[in-house]
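Report on one structure; see the data block that follows.
Since every read-out is calculated from the coordinates, none of them should be taken as a lab result. Quick caveat: nothing in here was measured; it's all calculated off a predicted structure. Cβ: placed from backbone, ideal geometry, glycine included. Neighbour counts: every protein chain shown.
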Amino acid sequence: MTTPPIPSLDDPATDPLDVARAAAEALAAATGVERHDVALVLGSGWGGAADLLGETVAEVPSTDLPGFTAAAVVGHAGTLRSVRIAGTDGAPDRHALVLGSRTHLYEGRGVRRVAHGVRTAAAAGCRTVVLTNGCGGLDPSWGPGTPVLVSDHINLTATSPLEGATFVDLTDLYSSRLRAVAREIDPGLPEGVYVQFPGPHYETPAEVAMAGRLGGHLVGMSTTLEAIAARHVGLEVLGISLVTNLAAGIGDEPLSHAEVLEAGRAAGPRISDLLAQIVRRL
Ligand code: 8IG
């Protein structure tokens, strides 16, 4: 008996959804969990949330699954975790798929790899994805450590995760229903429009001012392409940003990656608890 070869994301003739299905099958085999319900992509500062959700049933190195590549950035863990969320009031348990291995566009591995995690989550059965990130904030009242719900986005990467004539409606891309659920947990959660730049450099002050004039409140290097890919495969999307720094030119300080990591560490327990509470209600 022969098994068919696993298609490569690098082959233009491959349908990336086929690779996502292969990854979901490998995930089910590695974790023993047939279907997952909700996926979380944990960005800078959000890593602690998985532990609060429930019991980790299995942890799989992303490189064991078709289409995933090793993590490239310090602070981004390269594993997928299956976490059991205990049902309350007689409700059945659910399973969260925690993706600690986001691929950023700036890694130069192509948009297919950026979108592969959420496509795999959908192929694994998920109906919902929570996309988190660390970002810069344009509102001076949002200090480092402020969580902000993403209400909409502006994609300045000049690319799309979708190929061919794939016309997907992005009205209410960041589900107003899920944002309302989040605000049941924390009524004070602010909302903002997330602007994705290609990175990996941070913006100039002029670019941040431009993002503000365009209607943006948050600047970052992730999330929008994943959100588009998620909507395409039918996932309901919740986006939550952690403001880890004032965007360039908003504060007096220059930006440093160390500072970003420190803001994430400091806010970690609080925002992880917030995220875990939200996910239990989704
Ligand atoms: I964390 O200020 C983090 N990521 N583009 N700008 C952009 N990405 C970021 C920033 C920021 N902070």
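Structural remarks
- Taken along the Cα-to-beta-carbon direction at a fixed 7 Å, the label points for GLU25 and THR204 span 5.0 nm.
- Formal net charge of residues neighbouring ASN155 (Cβ-Cβ distance under 14 Å; K, R +1; D, E -1): -1
- Charge tally in the Cβ shell below 14 Å around VAL33, where Lys, Arg are +1 and Asp, Glu are -1, VAL33 excluded: -2
- Average Cα contact separation per residue, region 1-157, under 8 Å, 6 or more apart, as relative contact order %: 29
- Residue ranges 144-153, 162-171, 256-265 sort as 144-153, 256-265, 162-171 when ordered by packing (mean number of other C-beta atoms within 10 Å per residue, highest first).
- Computed [θ] at 222 nm, deg cm²/dmol, the chain (DSSP H ≥ 4; -39,500 (n - 2.57); rounded to nearest 500): -9500 deg cm²/dmol
- Pairwise label distance in nanometres, GLU163 with GLU262, each label 7 Å out on the Cα-Cβ vector: 4.4
- Ordering of 222-229, 242-249 by burial proxy (mean other Cβ atoms within 10 Å per residue, highest first): 222-229, 242-249
- When both bridge partners sit in the chain, DSSP labels roughly 40% of those beta bridges antiparallel.
- Placing R0 at 22 angstrom, the Cβ-Cβ distance between ASP252 and LEU214 gives a FRET efficiency of 0.40 after rounding to 0.05.
- The chain, relative contact order in percent, only Cα pairs under 8 angstrom and at least six apart counted: 24
- Taking a ≥ b ≥ c as the square roots of the eigenvalues of the alpha-carbon gyration tensor, region 1-135 is classed oblate because a/c is 1.5 or more while a/b is no larger than b/c.
- Nearest-ten-degree value, helix 16-31 long axis tilted from longest Cα axis of the chain: 70
- Dipole magnitude (debye, nearest 20) for the chain, charges at Cβ of Lys, Arg, Asp, Glu: 320
- Total formal charge among the other residues, if their Cβ is under 13 angstrom from that of THR171, Lys/Arg +1 and Asp/Glu -1: -2
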